[in-house]
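First comes the structure, then the notes that go with it.
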2 protein chains.
Amino acid sequence: MDESPAIGIRERARGALRGELADVALRLFEERGYDQTPVDDIASAAGISPRTFYRYFGTKEEVLFGDLPPTSVDLPALLEDHLLRAGPWEALHQTLRHVAENIGTQRGRWSRLLRVVNTSDTLRAGHLEQQMNLAQSLIPTLVPAVEGPAGWSDLRARVLVHAALTCFDTAFSHWAERDGDIEMLEALDIAFTTFSTLDSVQA
Amino acid sequence: MDESPAIGIRERARGALRGELADVALRLFEERGYDQTPVDDIASAAGISPRTFYRYFGTKEEVLFGDLPPTSVDLPALLEDHLLRAGPWEALHQTLRHVAENIGTQRGRWSRLLRVVNTSDTLRAGHLEQQMNLAQSLIPTLVPAVEGPAGWSDLRARVLVHAALTCFDTAFSHWAERDGDIEMLEALDIAFTTFSTLDSVQA
DNA sequence: GTCGGTTTTGGCAGACTCTGCCACGATAGT
DNA sequence: ACTATCGTGGCAGAGTCTGCCAAAACCGAC
């Protein structure tokens, strides 16, 4: 009554079913599109009731995004570390390189995901929402490292972080669309260095 | 039967009701938050049926974003024009300065809107979605103007456009949060020049 | 002023996501 | 095997949004 023995068989079963649900859902989404696949269909395809589906995933989106491989490195900490050795922009660059390396090892899974995401407006919006949250978590770390005009550090930190995430996102899409042709890291580097060459392109 | 005489009284009435709906909705959203304000309440507050509401606005979001003052300058064309005289980044900067000037004349309305948007996750996501669409419309214009490594023009154009919109958005929020203290254009300029000083901040 | 045709409106029913509630069944530990 | 706990399924409900159809309002013409 005090505490469970250890892991518990139930929890492992729960994890298995969760994974199976995610698989089934992804397959259905690919076949018929995200918006055209009601939760009822996922549930019956997996042999459970819709109500139970919502006990495994709080929302329909979570069945897509919830079980991503643990990209969950502590990015703010990583950024802070890089800031010891480099300026804000380069630190952001290196931080996101780390994420890109992890992603680069799972080509197939990520392009499947991206393809599904692109079938739905709702879904793209949700994805952007996540990016916003990530940005919010990085900005405070960056603020002290930004130099410039008097009270504008906040603004500049926000700009840099959002721009960096944009670089990542754009490189990611570019890479996912050209399956195998290019390297994720190369695309990321190109994206980040776009701003270094700005002077030369300005008239 | 062939063609209506001219403007038609009905259409003017329709426009008036549309405006009134937007007003009522905005007021309710400010009082109780966007997610806590069902369409039924907006409808009854305006003395119409919910069904009719959806004839005026396709979605609940549209009642907020649908009637924005005509920011609808042809931004791609404006960008193309600026590209004749400046590099990609500066052209984007000037293009968005134009938008900022229009916005700057409607301080109150815009900060009300921003406050409402920040009451809802759904809403922020929707707003980002619009930005994506705007970006998509600007990218083709910018691609030919971007120089750099072989086949990377697409990627770099996307990065620049998204970064520019990020600058705008960030400057806008910054400005709206400090009602009156700062100038929209000044904030925008600061945001855009953040990247020009990158070299000096890099270690 | 009245008629005829068009437009606008409102109500109904429905799909879909998501939540609270409760009873039923399976499971785990004793 | 027994019991307490947990997972499950069904039901009802809120909320957004759509299709359908009948009633009402409206405009122009006679």
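The values are calculated or read from the model by the stated rules, or taken from the named source; none is laboratory data. Keep in mind the model is a prediction, meaning the values are calculated, not measured. A quick note on method: Cβ atoms are made from the backbone with ideal geometry, for glycine too, and the neighbour counts reach across all protein chains shown. The area values use the complete protein model at the heavy-atom level, side chains included, leaving out ligands, DNA and RNA. Shrake-Rupley method; radii C 1.70, N 1.55, O 1.52, S 1.80 Å.
Tabulated data for the structure shown
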{"read-out": "Scan of segment A:8-37 for residues that are within 11 Å of DNA strand D (Cβ to nearest atom) and closer than 22 Å to A:R124 by Cα, ordered by number", "value": "A:L21"}
{"read-out": "Checking A:R156 against (1) closer than 24 Å to B:T59 by Cα; (2) modelled with pLDDT of 90 or more, the condition it does not meet", "value": "(1)"}
{"read-out": "Residue check, A:S137 surrounded by fewer than 20 Cβ atoms within 10 Å (Cβ to Cβ), touching a residue at least 12 places away in the same chain (Cβ under 8 Å), part of a helix (DSSP H, G or I) and more than 9 Å from chain B (Cβ to nearest Cβ)", "value": "yes"}
{"read-out": "So A:T122, is it more than 13 Å from chain B (Cβ to nearest Cβ) and hydroxyl-bearing (S, T, Y)", "value": "no"}
{"read-out": "Index of the failed condition, A:Q106 passing every other in (1) within 14 Å of DNA strand D (Cβ to nearest atom); (2) open to solvent by 40 Å² or more (accessible area, probe 1.4 Å); (3) away from chain B (no Cβ under 14 Å)", "value": "(1)"}
{"read-out": "Answer residue from segment A:43-60, given it is within 8 Å of DNA strand C (Cβ to nearest atom) and part of a helix (DSSP H, G or I) and is nearest to the other protein chains (Cβ to nearest Cβ) among those", "value": "A:Y54"}
{"read-out": "Of all residues making up segment B:129-139, the number that are closer than 17 Å to B:G66 by Cβ, in contact with a Lys or Arg (Cβ under 9 Å, 6 or more places away or on another chain) and not acidic (D, E)", "value": "0"}
{"read-out": "Residues (under 15 Å from A:A171 (Cα atoms) and free of Cβ contacts under 8 Å to residues at least 24 places away in the same chain) located in segment A:76-94", "value": "A:Q94"}
{"read-out": "Members of segment A:177-203 found to be open to solvent by 10 Å² or more (accessible area, probe 1.4 Å), in a helix (DSSP H, G or I) and at pLDDT below 90, listed by number", "value": "A:E177, A:D199, A:S200, A:V201"}
{"read-out": "Subset of segment A:172-181 [more than 9 Å from chain B (Cβ to nearest Cβ) and more than 10 Å from A:A100 (Cα to Cα)]", "value": "A:W175, A:A176, A:E177, A:R178, A:D179, A:G180, A:D181"}
{"read-out": "Residues located in segment A:140-175, provided they are farther than 19 Å from A:T194 by Cβ, out of contact with any Pro (no Cβ under 6 Å at 6 or more places or on another chain), surrounded by 14 or more Cβ atoms within 10 Å (Cβ to Cβ) and of a type in the set (A, V, I, L, M, F, W, C)", "value": "A:V143, A:W152, A:L155, A:A157"}
{"read-out": "Residue match in segment A:110-119 (condition: within 14 Å of chain B (Cβ to nearest Cβ) and either closer than 18 Å to A:E30 by Cβ or touching a helix residue (DSSP H, G or I) at 6+ places or on another chain (Cβ under 7 Å) (or both))", "value": "yes"}
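Residues checked against (1) modelled with pLDDT of 95 or more; (2) away from DNA strand C (no atom under 16 Å from the Cβ); (3) crowded, with 19+ Cβ neighbours inside 10 Å:
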{"site": "B:L28", "(1), (2), (3)": "yes, yes, yes"}
{"site": "B:E31", "(1), (2), (3)": "no, yes, no"}
{"site": "B:T37", "(1), (2), (3)": "yes, yes, yes"}
{"site": "B:D41", "(1), (2), (3)": "yes, no, no"}
{"site": "B:E62", "(1), (2), (3)": "no, no, no"}
{"site": "B:P69", "(1), (2), (3)": "no, yes, no"}
{"site": "B:D74", "(1), (2), (3)": "no, yes, no"}
{"site": "B:L79", "(1), (2), (3)": "yes, yes, yes"}
